[in-house]
Amino acid sequence: MANDKLQIKKLYALSSENRKFSFSLPLKHTIRIGKREYDVKLKADEKYGTYILWKNRKYPVEIVRSSQNKYEILFNDISYIFTVETPFSLKRKKVLNSNRGKIEKEIIKAPMPGKIIDVLVREGATVLRGEPLVILEAMKMQNEIISPVNGTIEKVTAKPNTNVMKDDLLIEIKL
Amino acid sequence: MNEVKGGRGAKHLRVRTPPLELVPQSGRGRGVKHNEKLMIIDVMKIKRILIANRGEIAVRIMKTAHLMKIETVAVKTAVEPKAMYLSSADVIYDNSDDASEIPVFLNIEKLIAIALETHANAIHPGYGFLAENAYFAQKCIDNKLIFIGPSPDAIYKMGNKTIARKIALASGIPMAMGSEGNIANEVEAATIAEKIGYPVIIKAASGGGGRGMRIVRKAEEMEKMFIIASKEAEKAFNDPSVFVEKYIENPKHIEFQILGDTKGNVIHLGERECSIQRKHQKLLEEAPSCALDEKLRKKMGDMAVQIAKAVDYHSAGTVEFLLDSEKNFYFMEMNTRIQVEHPVTEIVTGLDLIEQQIRIANGEELKYKQSDIKLKGWAIECRINAEDVQAGFAPDPGKIESLNMPTDQYVRVDTGVQSGSSIVASYDSMIAKLIVKGKDRKDAIKNCKMALDKVWIKGTKTTLPFFRLLVRHQKFQDGTFTTSFIEKDLEKYYFNSEYEEMLAAWLATKLFIEENLNDDSINVNFEHGKVMSPWLLNKRINQF
């Protein structure tokens with residue numbers, strides 16, 4: 001409802017590392033640093049594409065992915081992931097988080113597209129944190145994919161000599 | 001425009017020679033002086049070169065060939081039918097319907113056939129692919145094609161690290177202790193490691209470029225590392241044999257560029273500092289190195305020349321050393337090809353190394369003596385790769401939507417990519433080499449810092465944020481970094497200035513408002529550039 005929306009006075013952008021940036025509405029095209037307000041301008045031209053102009057410098061900017069209130073923004077070649085929350089949704093999120101139980105499963109995905117050279121573990125095997133699971137070759141290099149946790153191998157999807165895309169499921173580990 | 005006559009004439013497409021952009025410095029430039037009267041005008045036998053390679057090195061070779069009025073043939077593949085290197089060639093051989101399982105740049109028979117069919121009389125292998133394949137070099141000779149590189153014998157001897165070790169040992173070149181020859185299994189490796197002491201490094205006998213190499217710090221790791229190194233070696237070089245060497249802790253990687261002719265003259269062109277590496281892959285190189293003084297440079301350079309002479313080396317080559325904190329140096333290997341990082345040497349010596357390779361292959365005598373080579377200024381090369389520095393340098397292939405490189409006087413850019421090109425997963429992840437010069441190291445770093453902020457690449461993530469961090473790092477600035485710098489001295493691999501994250505957060509918030517709160521204030525009045533909705537920033541927004 002339009003009326004509800006008007007009541008929102010603030011928005012929060014939460015980074016994936018849990019940093020919180022708050023902005024009051026209506027959103028200003030300036031950002032305050034200390035006592036001074038600095039203009040933020042979003043622009044585009046032929047040569048540079050889209051960029052943000054801030055303190056007389058141009059920074060390349062792109063939206064990489066988005067869904068609902070989640071945004072991945074590439075800013076000066078570094079990507080940042082934010083979820084934008086209203087004061088209400090932020091409160092709800094806190095409640096949900098405190099109710100959620102512990103994570104029981106660790107899913108290992110391919111960090112990059114490439115070819116599986118070797119799978120070093122079998123289903124049912126116990127692994128320790130830091131133990132290599134899969135060897136993935138991508139762009140000249142062989143990369144060891146290491147277990148981030150201690151646990152038991154529940155499922156092995158990776159097969160030697162097959163190609164995988166980024167984010168393809170390789171292994172599931174039960175904690 | 002002439003069509004090339006051949007069995008399948010329709011496959012060849014003659015293209016206009018594009019205007020030359022970057023002009024490599026010729027030998028007549030600064031830094032090198034020679035007596036014009038003594039110059040003998042050699043007849044250039046090489047008329048047309050088949051470039052058995054792709055990407056930036058293909059473009060680089062063609063630039064020099066054009067300057068020397070030599071024609072070039074490039075091979076078009078199905079993987080990259082619109083690649084930039086094709087537009088630099090005089091003749092394009094269309095191989096995109098090749099059904100062979102071997103990629104053409106690794107297919108010796110095919111490349112020889114293409115050279116013969118397109119009437120090329122020389123082949124330049126570039127780097128990677130078949131550049132260090134003795135059989136390929138021999139096949140060229142057998143088919144009366146001039147191979148622009150060293151002799152098959154020199155490639156073979158230096159390519160096999162165990163033979164190279166024996167040659168270096170016989171020439172009195174200092175080396176790290178290690179196995180006599182190849183080792184059969186992890187048990188033998190462990191025995192040798194016990195004798196020389198951990199840590200040790202397992203290396204592929206036919207290796208190079210960092211593949212098939214593993215450091216072993218304790219006996220328990222030996223079995224696993226041996227298997228990984230050996231498998232990697234077999235996969236990469238078709239040869240699983242490995243050997244073991246004492247691992248030199250925290251060394252600098254110093255390599256010497258050498259040039260030899262077919263008359264037995266060999267000189268060195270000074271060193272390159274290549275210690276900024278990750279998993280043995282170089283990321284930044286410079287020339288000269290601040291770790292060397294004139295005395296050490298002469299000593300190491302003389303050794304490099306000596307080992308090259310031991311295999312009657314001709315063409316351009318690189319002798320790699322490790323330099324420890326006490327300034328002891330150890331021979332590592334010799335690369336029998338042009339290197340990715342050759343531009344930094346070109347800048348400080350004023351020589352065009354591709355031109356030298358071509359002249360040497362043409363049978364010409366080196367026109368420079370060691371005393372003619374004077375290093376001037378400082379050069380730094382940043383390898384801008386399509387990699388995600390926030391995900392441990394994972395390759396990030398994709399389409400380069402736009403590419404803008406600085407055009408300042410102090411910058412040279414070697415690239416095989418332009419706006420619209422794709423970085424494909426089947427090849428390496430290089431986008432461009434940003435080469436920056438300065439009057440000294442400090443000046444070069446300052447220029448590098450400026451140049452890095454002028455590079456605009458959209459479409460994939462790049463190593464730019466890593467270099468932005470590096471040029472600001474104390475250890476890089478004072479030159480005390482070693483090959484373990486990235487692993488040991490860095491907490492994160494990228495630089496972002498204060499407020500950058502906040503600005504990104506502001507944009508995310510702006511997007512959210514536009515999408516959810518229907519706020520018209522998004523379309524503010526811009527002075528220059530288009531008025532735009534941030535939502536149009538990216539035509540194809542990917543879903544999480």
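In this structure, A:Asn161 does not satisfy being loosely packed, with under 13 Cβ neighbours inside 10 Å and in a helix (DSSP H, G or I).
If you go through the stretch A:107-145 and keep only what is of a type in the set (Asp, Glu) and farther than 15 Å from A:Ala158 by Cα, you end up with just A:Glu131.
Is it the case, given these coordinates, that B:Glu514 is at pLDDT below 95, more than 20 Å from the chain's Cα centre (by Cα) and more than 30 Å from B:Ala236 (Cα to Cα)? Considered against the rule, which asks whether it is at pLDDT below 95, more than 20 Å from the chain's Cα centre (by Cα) and more than 30 Å from B:Ala236 (Cα to Cα), B:Glu514 comes out as yes. The condition (being in contact (Cβ under 8 Å) with a residue 24 or more places away in the chain, within 14 Å of chain A (Cβ to nearest Cβ), open to solvent by less than 20 Å² (accessible area, probe 1.4 Å) and under 30 Å from A:Asn143 (Cβ atoms)) is satisfied by just one residue among B:Leu469, B:Leu434: B:Leu434.
Table: residues versus (1) surrounded by 17 or more Cβ atoms within 10 Å (Cβ to Cβ); (2) within 7 Å of chain B (Cβ to nearest Cβ); (3) over 14 Å from B:Ala508 (Cβ atoms); (4) not polar (S, T, N, Q).
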site	(1), (2), (3), (4)
A:Lys9	no, no, yes, yes
A:Ser15	yes, yes, no, no
A:Lys28	no, no, yes, yes
A:Lys35	no, no, yes, yes
A:Tyr38	no, no, yes, yes
A:Leu42	yes, yes, no, yes
A:Glu62	yes, yes, no, yes
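Does A:Glu106 count as among the charged types (D, E, K, R), more than 30 Å from B:Tyr494 (Cβ to Cβ) and more than 10 Å from chain B (Cβ to nearest Cβ)? For A:Glu106, the condition - among the charged types (D, E, K, R), more than 30 Å from B:Tyr494 (Cβ to Cβ) and more than 10 Å from chain B (Cβ to nearest Cβ) - is not met.
Among residues of the stretch B:327-375 being out of contact with any Pro (no Cβ under 6 Å at 6 or more places or on another chain) and among the acidic types (Asp, Glu), the one that is nearest to B:Lys437 (Cα to Cα) is B:Glu346.
Close contacts from the stretch B:365-376, counting a first residue that is in contact (Cβ under 8 Å) with a residue 24 or more places away in the chain and a second that is open to solvent by 70 Å² or more (accessible area, probe 1.4 Å), with Cβ to Cβ under 7 Å and a gap of 6+ residues or different chains, come to B:Glu365/B:Lys263; B:Asp372/B:Lys33; B:Lys376/B:Arg30.
Residues in the stretch B:413-449 that are under 19 Å from the mean Cα position of the chain (by Cα) and among the hydrophobic types (A, V, I, L, M, F, W, C): B:Val413, B:Val417, B:Ile423, B:Val424, B:Ala425, B:Met430, B:Ile431, B:Ala432, B:Leu434, B:Ile435, B:Val436, B:Cys448. Does B:Ala386 count as closer than 17 Å to A:Leu74 by Cβ, open to solvent by less than 30 Å² (accessible area, probe 1.4 Å) and at pLDDT 95 or above? So B:Ala386 passes the test. Can you spot a residue in the stretch B:377-398 that is under 20 Å from B:Ala131 (Cα atoms) and part of a loop (DSSP other than H, G, I, E, B)? So far as the stretch B:377-398 goes, no, none of its residues is under 20 Å from B:Ala131 (Cα atoms) and part of a loop (DSSP other than H, G, I, E, B).
I'd like the full set of residues that are open to solvent by less than 40 Å² (accessible area, probe 1.4 Å) and in a helix (DSSP H, G or I), limited to the stretch B:207-241. Residues satisfying the conditions are B:Met222, B:Met225, B:Phe226, B:Ile228, B:Ala229, B:Ser230, B:Glu232, B:Ala233, B:Ala236. Each residue in the stretch B:399-415 was checked for being at pLDDT below 95 and either away from chain A (no Cβ under 13 Å) or in a loop (DSSP other than H, G, I, E, B) (or both), and 2 pass. The residues of the stretch B:170-206 that are closer than 22 Å to B:Glu232 by Cβ, among the hydrophobic types (A, V, I, L, M, F, W, C) and in a strand (DSSP E or B), listed by number, are B:Ile183, B:Val200, B:Ile201, B:Ile202, B:Ala204. Counting only residues that are within 11 Å of chain B (Cβ to nearest Cβ), open to solvent by less than 30 Å² (accessible area, probe 1.4 Å) and among the hydrophobic types (A, V, I, L, M, F, W, C), the stretch A:74-103 holds 5 of them. On the basis of being more than 7 Å from every other protein chain (Cβ to nearest Cβ) and closer than 23 Å to A:Leu11 by Cα, does A:Lys55 make the cut? In short, no.
Would you confirm, using the coordinates I've provided, whether B:Ala451 is assigned to a helix (DSSP H, G or I), surrounded by 22 or more Cβ atoms within 10 Å (Cβ to Cβ) and touching a Ser or Thr at 6+ places or on another chain (Cβ under 9 Å)? Criteria not met by B:Ala451. Of all residues in the stretch A:126-134, at least one satisfies being open to solvent by 80 Å² or more (accessible area, probe 1.4 Å), hydroxyl-bearing (Ser, Thr, Tyr) and either in contact (Cβ under 8 Å) with a residue 24 or more places away in the chain or in a helix (DSSP H, G or I) (or both).
Against the conditions (1) part of a helix (DSSP H, G or I); (2) within 14 Å of another protein chain (Cβ to nearest Cβ); (3) not small (Gly, Ala, Ser), B:Asp443 satisfies every one except (2). Among the strands (runs of 3 or more DSSP E) confined to the stretch A:1-80, the ones with at least 1 residues that are over 25 Å from the mean Cα position of the chain (by Cα) and closer than 29 Å to B:Leu403 by Cβ are located at A:36-45, A:57-67.
The values are calculated or read from the model by the stated rules, or taken from the named source; none is laboratory data. This is a predicted model, so every value here is computed, not measured. Backbone-built Cβ (ideal geometry, glycine too); neighbour counts: all protein chains shown. SASA here: full protein model, heavy atoms, side chains in, ligands and nucleic acids out. Shrake-Rupley method; radii C 1.70, N 1.55, O 1.52, S 1.80 Å.
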